[in-house]
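S.K.: Okay, here's the structure, questions in a sec.
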Amino acid sequence: MTIEPELTADLLRARLAGTHLADDPLDIVMPPGSHLWPTEMRAQLADTLKPAGVLIPVMQRREGLALLLTQRSAELTHHAGQVSFPGGRMEEADPDVRAAALREAHEEVGIEPQRVAVLGYLQAMPTITGYAVTPVVGLVEPGVRLVTDPTEVEYAFEVPLAHLLDQRNERLVEREFYGRRFAMVEFHYQGERIWGATAHMILTLKKKLIYK
């Protein structure tokens, strides 16, 4: 489908206005089709999850809105070498997962929390690495200079939001887990491949923005 030109910060603000940060950061929603997952995968999610937050940074560019993503360092323990939104686990000093997402974004790509206007939240989702991840959608002030932490981030890049919301740019692929094949959606843009939990977050955001 073709995205209409009304894709603006005001539209995002209106579509996400009814969302809120859950009282319990472990209150997750399982992805569609999870009942078909192998027993081993479901068992991993039955273990105690750790709360985490990611920031979905919406960048305001002359050409339109774009989402900022990172290529994670290959040296990390979790999600090494993957494309993701900046974020990480909640620490004791964080009052909530919103604060965790903003703190991690500052540490990873240099975006100061006071330069982010939080527009809303997506429902927390589980990852097979043992986290309950809450996506925080935030509008980043124009003119912010990115400074990536090389110990966590190889590089950062942007993808036009309109590209991600256009159904023609969804790629259905099959991946194998525990001997079983699953159909999953990926996004590709200028040589970057966005898949897994990050792609699922984008699809969830798309439902909020288009189908509401």
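The values are calculated or read from the model by the stated rules, or taken from the named source; none is laboratory data. In this text the structure is predicted, and so the values were computed from the model without any measurement. With ideal geometry, Cβ positions are generated from the backbone for all residues, glycine too; neighbour counts draw on all protein chains shown. Quick note on the areas: whole protein, heavy atoms, side chains included, nothing else; ligands and nucleic acids left out. Shrake-Rupley method; radii C 1.70, N 1.55, O 1.52, S 1.80 Å.
S.K.: Tell me yes or no: at least one residue of the stretch 55-63 is at pLDDT below 95 and open to solvent by less than 60 Å² (accessible area, probe 1.4 Å).
M.R.: Checked the stretch 55-63: no residue is at pLDDT below 95 and open to solvent by less than 60 Å² (accessible area, probe 1.4 Å).
S.K.: Could you list, ordered by first residue, the pairs with Cβ atoms under 8 Å in which the first is in the stretch 197-210 and closer than 14 Å to residue 67 by Cβ and open to solvent by less than 10 Å² (accessible area, probe 1.4 Å) and the second is modelled with pLDDT under 90 and of a type in the set (D, E, K, R), at least 6 apart or interchain?
M.R.: Filtered contacts from the stretch 197-210: no entries.
S.K.: The conditions are (1) modelled with pLDDT under 95; (2) crowded, with 17+ Cβ neighbours inside 10 Å; (3) part of a loop (DSSP other than H, G, I, E, B), and residue 88 fails exactly one of them. Which is it?
M.R.: Here residue 88 clears every test but (3).
S.K.: Same structure, new question: Looking at (1) at pLDDT 95 or above; (2) open to solvent by 10 Å² or more (accessible area, probe 1.4 Å); (3) over 22 Å from residue 16 (Cα atoms), which is the one condition that is false for residue 158?
M.R.: Here residue 158 clears every test but (3).
S.K.: When the stretch 130-146 is examined, which residues are found to be in contact with a Ser or Thr (Cβ under 9 Å, 6 or more places away or on another chain) and either surrounded by fewer than 18 Cβ atoms within 10 Å (Cβ to Cβ) or part of a loop (DSSP other than H, G, I, E, B) (or both)?
M.R.: Residue satisfying the conditions is 130 alone.
S.K.: Out of 115, 145, report the one residue that is basic (Lys, Arg) and modelled with pLDDT under 95.
M.R.: On the way: 115 fails: modelled with pLDDT under 95.
The conditions single out 145.
S.K.: While we're looking at this one, here's another question. Does the stretch 161-212 hold any residues that are touching a Gly at 6+ places or on another chain (Cβ under 9 Å) and modelled with pLDDT of 90 or more, and which are they?
M.R.: Residues satisfying the conditions are 161, 162, 186, 208.
S.K.: Follow-up question, since we're still on this one. Hey, among 117, 197, which residue is among the small types (Gly, Ala, Ser) and in a strand (DSSP E or B)?
M.R.: Numbers: 197 fails: in a strand (DSSP E or B).
The conditions single out 117.
S.K.: Just to be sure, is residue 154 under 29 Å from residue 14 (Cα atoms), in contact with a strand residue (DSSP E or B) (Cβ under 6 Å, 6 or more places away or on another chain) and either of a type in the set (Asp, Glu) or part of a helix (DSSP H, G or I) (or both)?
M.R.: Values: under 29 Å from residue 14 (Cα atoms): no; in contact with a strand residue (DSSP E or B) (Cβ under 6 Å, 6 or more places away or on another chain): yes; either of a type in the set (Asp, Glu) or part of a helix (DSSP H, G or I) (or both): yes.
It is false that residue 154 is under 29 Å from residue 14 (Cα atoms), in contact with a strand residue (DSSP E or B) (Cβ under 6 Å, 6 or more places away or on another chain) and either of a type in the set (Asp, Glu) or part of a helix (DSSP H, G or I) (or both).
S.K.: Shifting gears a bit: Quick one: what pairs do we get from the stretch 160-182, first residue under 21 Å from residue 63 (Cβ atoms) and of a type outside the set (Val, Ile, Thr), second open to solvent by less than 60 Å² (accessible area, probe 1.4 Å) and modelled with pLDDT under 75, C-beta under 6 Å, 6+ apart or different chains?
M.R.: From residues that are under 21 Å from residue 63 (Cβ atoms) and of a type outside the set (Val, Ile, Thr), the pairs are 162/3; 165/3; 166/3.
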